[in-house]
Amino acid sequence: MAYQVLGHIADLRLKVLAKNKEELFKQALKGMAEVLKEKLPEKEKILKEIAVDSADQTSLLVDFLNEVLYDAYANKAVFQAVEFEVFEKNKLKGKIFGYKVKKGFDKDIKAVTYHGAEIKKTDGNFEVILIFDI
């Protein structure tokens, strides 16, 4: 479905909606990528493998985004897409795709927080509100 960046007093909130949980993870990644860099250079592509294990599905989402965020800063890149090889309740494995960023990020995200994060099913869709510590 989509994602929407919401205001917050000291942080930034991202509301994500999707028809299934896998799509929810993909939309959350796209939303975080747009916060980091609104316009991507689309020149130097980058691919990284990722694997995350967590206690539950919501923690998995937060841990996944934090792992991607770490890779973004470590590689000076913005990752905006993912292909999952494994997508289970508390485990995922796959590849993240993005682009190198030479002039830095538009916004610096310190971390994706667990505060208030909870994947919910509403009106047949899955929804989560994430808070980025900026």
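Coordinate-derived values only; no laboratory data. Just so we're clear, the structure is a prediction, and the values are computed from it rather than from any experiment. Note that we place each Cβ from the backbone using ideal geometry, even for glycine, and neighbour counts take in every protein chain shown.
For the chain, adding -39500 (n - 2.57) for each run of n ≥ 4 DSSP H residues and dividing by the number of residues yields -9000 deg cm²/dmol at 222 nm. Across the range 73-134, counting alpha-carbon atoms alone, Rg and Dmax equal 14.7, 42 Å. Taken one residue at a time, the phi angles of the range 104-121 give Karplus couplings (6.51, -1.76, 1.60, θ = phi - 60°) of x, 9, 5, 10, 8, 9, 6, 6, 9, 9, 7, 4, x, 6, 7, 6, 10, 9 Hz. Gly and Pro are set to x. Using Cβ point charges alone (K and R +1, D and E -1), the dipole size of the range 2-133 about the Cα centre works out to roughly 440 debye.
Would you compute the Debye intensity of the range 2-133 from its alpha-carbon atoms alone, equal scatterers and no solvent, and pass along log10 I(q)/I(0) at q = 0.10, 0.11, 0.19, 0.22 Å⁻¹ to two decimals? One equal scatterer on each Cα of the range 2-133 leads to -0.28, -0.34, -1.07, -1.42.
Total lysine pairs in the range 1-79 at Cα distances under 22 Å, for residues eight or more apart or on different chains: 26.
Simple rule: put +1 on each Lys or Arg Cβ and -1 on each Asp or Glu Cβ in the chain, find the dipole, and look at M32, V86, Y99; the Cα lying farthest toward the positive end is Y99.
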